[in-house]
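The values are calculated or read from the model by the stated rules, or taken from the named source; none is laboratory data. Just so it is clear, the model here is predicted, and its values are computed rather than measured. Here the Cβ positions follow ideal geometry from the backbone for every residue, glycine too, while neighbour counts run over all protein chains shown.
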Amino acid sequence: MSVLVVGSVALDSVETPFGKADNVVGGSGTFFSAAASLLAPVQLVGVVGDDYPLEQLEPLRQRGVDMAGLEQVAGESFRWRGRYRHDLNSAETLETHLGVFSHFSPKIPPQFRTAPFVFLANIDPRLQLDVLQQVERPKLVACDTMNFWIESRRPDILELIKHVDLITLNDGEARQLTDCYNLVKAARWIMERGPKLVIIKKGEHGAFMFRDRHVFFAPAYPLEDVFDPTGAGDSFAGGFMGYIAQTGDLSDANLRRAVVVGSAMGSFAVEKFSVQRLVEISKQDVESRVAEFRRLVAFEQEGALVS
Ligand code: AMP
């Protein structure tokens, strides 16, 4: 089954303690597509300007990303400039230029409207709402957002969450949106306003999935070398949604597996700049990393541990 994504298709300039990249392929829709396409067919909706190096998206097309919904119009592409200092968990945004996204009105091609799984990647929540008007009863709708939009378009985000099944946020964003420092309370605050499922990511400290009164936790893969954290969150979402689309199974056990696949995908994204690592890995690489996640948390219990 396919997954439809609308999100930013950007040119990123990123500085980390390990190096610098200028105007490389990035964006929430792009990272999501690079990760999800390893698992399921992806339909990408977004816009780029006439300055965008479309040929650099070719590896994604070859992976099965359908770009019939990616428009190219006159003007400048979305650009984001960010920096990570020694805390690789949080990006410092230096510049955001919406460019052609400021006048974008997503048009979902008719053949995409029946996609069973929809991901509203981080982008103006008014565009996320607009997409929801155009799709026909998906099985699962998920969304993401970030501090930039929580600050500037909070009422639209509150409207959006009434209409989604799942929201993914990092811990800082969850606290900012809800004004609750405690993440269990923050998740509950969100669930009371719409989503049945809330995933709160904590960077190198793993991710929580909340559903009703249940919580599931998956660690992050303890990588020795994190090169560039940009796109980890979108790649997590791509792994999660790609796995759900591949299996079509929304049971609790499968949602838990999807969190682990998402964590595995996020861990690959940060090994190189841009989508470089995501486009070179194979299904077998994902399979092996998921197996390592199992070993990471497994232990034997023989009788009572405390006596
Ligand atoms: P993350 O997965 O959270 O690290 O997302 C990183 C990506 O988000 C980068 O490739 C940026 O191009 C993109 N991005 C940054 N700011 C925004 C924004 N305000 N709206 C949409 N996308 C953004």
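Can you find a residue in the range 89-101 that is closer than 22 Å to PHE268 by Cα, buried (at least 19 other Cβ atoms within 10 Å of the Cβ), under 18 Å from the mean Cα position of the chain (by Cα) and of a type in the set (A, V, I, L, M, F, W, C)?
Yes.
Restricting the range 233-257 to residues that are under 15 Å from VAL286 (Cα atoms) and within 13 Å of the ligand (Cβ to nearest atom), which is surrounded by the most Cβ atoms within 10 Å (Cβ to Cβ)?
Among them, the one singled out is GLY238.
Sort out which residues of the range 102-124 are in contact with an Asp or Glu (Cβ under 7 Å, 6 or more places away or on another chain) and within 10 Å of the ligand (Cβ to nearest atom), and write them in order of number.
ALA121, ASN122
How many of the residues making up the range 136-164 are within 16 Å of the ligand (Cβ to nearest atom) and outside any helix (DSSP H, G or I)?
Applying the first criterion (within 16 Å of the ligand (Cβ to nearest atom)) to the range 136-164 yields 142-154, 156-157, 160.
Now restrict to residues that are outside any helix (DSSP H, G or I): 142-146, 153.
Counting residues in the range 136-164 that are within 16 Å of the ligand (Cβ to nearest atom) and outside any helix (DSSP H, G or I) gives 6.
Which is surrounded by fewer than 16 Cβ atoms within 10 Å (Cβ to Cβ), modelled with pLDDT of 95 or more and either within 16 Å of the ligand (Cβ to nearest atom) or not in a loop (DSSP other than H, G, I, E, B) (or both), of GLN133, GLN128?
Details: GLN128 fails: surrounded by fewer than 16 Cβ atoms within 10 Å (Cβ to Cβ).
Of the residues listed, the single one that is surrounded by fewer than 16 Cβ atoms within 10 Å (Cβ to Cβ), modelled with pLDDT of 95 or more and either within 16 Å of the ligand (Cβ to nearest atom) or not in a loop (DSSP other than H, G, I, E, B) (or both) is GLN133.
So how many residues does the range 274-307 have that are modelled with pLDDT under 95, over 24 Å from MET209 (Cβ atoms) and not polar (S, T, N, Q)?
Qualifying residue count for the region: 6.
For (1) free of Cβ contacts under 8 Å to residues at least 24 places away in the same chain; (2) closer than 30 Å to GLU15 by Cβ, each residue gets a yes or a no:
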| site | (1), (2) |
| --- | --- |
| PHE119 | no, yes |
| THR145 | no, yes |
| ARG154 | yes, yes |
| LEU160 | no, no |
| CYS180 | yes, no |
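Among the residues that make up the range 78-91, is at least one of them closer than 23 Å to ILE200 by Cβ, within 14 Å of the ligand (Cβ to nearest atom), outside any helix (DSSP H, G or I) and at pLDDT 95 or above?
yes
Within the range 8-20, is even one residue without any contact (Cβ under 8 Å) to a residue 60 or more places away in the chain, more than 11 Å from the ligand (Cβ to nearest atom) and either assigned to a strand (DSSP E or B) or touching a Pro at 6+ places or on another chain (Cβ under 8 Å) (or both)?
Within the range 8-20, one or more residues are without any contact (Cβ under 8 Å) to a residue 60 or more places away in the chain, more than 11 Å from the ligand (Cβ to nearest atom) and either assigned to a strand (DSSP E or B) or touching a Pro at 6+ places or on another chain (Cβ under 8 Å) (or both).
A quick yes/no check of all residues on (1) part of a loop (DSSP other than H, G, I, E, B); (2) more than 26 Å from VAL14 (Cα to Cα); (3) among the hydroxyl-bearing types (Ser, Thr, Tyr):
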{"residue": "GLY172", "(1), (2), (3)": "no, no, no"}
{"residue": "GLN176", "(1), (2), (3)": "no, no, no"}
{"residue": "MET209", "(1), (2), (3)": "no, yes, no"}
{"residue": "VAL226", "(1), (2), (3)": "yes, no, no"}
{"residue": "ILE244", "(1), (2), (3)": "no, yes, no"}
{"residue": "LEU250", "(1), (2), (3)": "yes, yes, no"}
{"residue": "ARG256", "(1), (2), (3)": "no, yes, no"}
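Could you identify the single residue in ALA36, ALA68 that is in contact (Cβ under 8 Å) with a residue 60 or more places away in the chain and not charged (D, E, K, R)?
When all the criteria are applied, what remains is ALA36.
Looking at PHE217, PHE227 in this structure, which one is modelled with pLDDT of 95 or more, more than 16 Å from the chain's Cα centre (by Cα), closer than 23 Å to GLU287 by Cα and not aliphatic (A, V, I, L, M)?
The unique qualifying residue is PHE217.
Within the range 117-129, is even one residue within 18 Å of the chain's Cα centre (by Cα), over 23 Å from GLY49 (Cβ atoms) and of a type in the set (Val, Ile, Thr)?
Yes, that holds for at least one residue.
Within the group SER274, SER267, which residue is on the phi > 0 side of the Ramachandran plot, among the polar types (S, T, N, Q) and within 16 Å of the chain's Cα centre (by Cα)?
Testing whether each residue is on the phi > 0 side of the Ramachandran plot, among the polar types (S, T, N, Q) and within 16 Å of the chain's Cα centre (by Cα) leaves just SER274.
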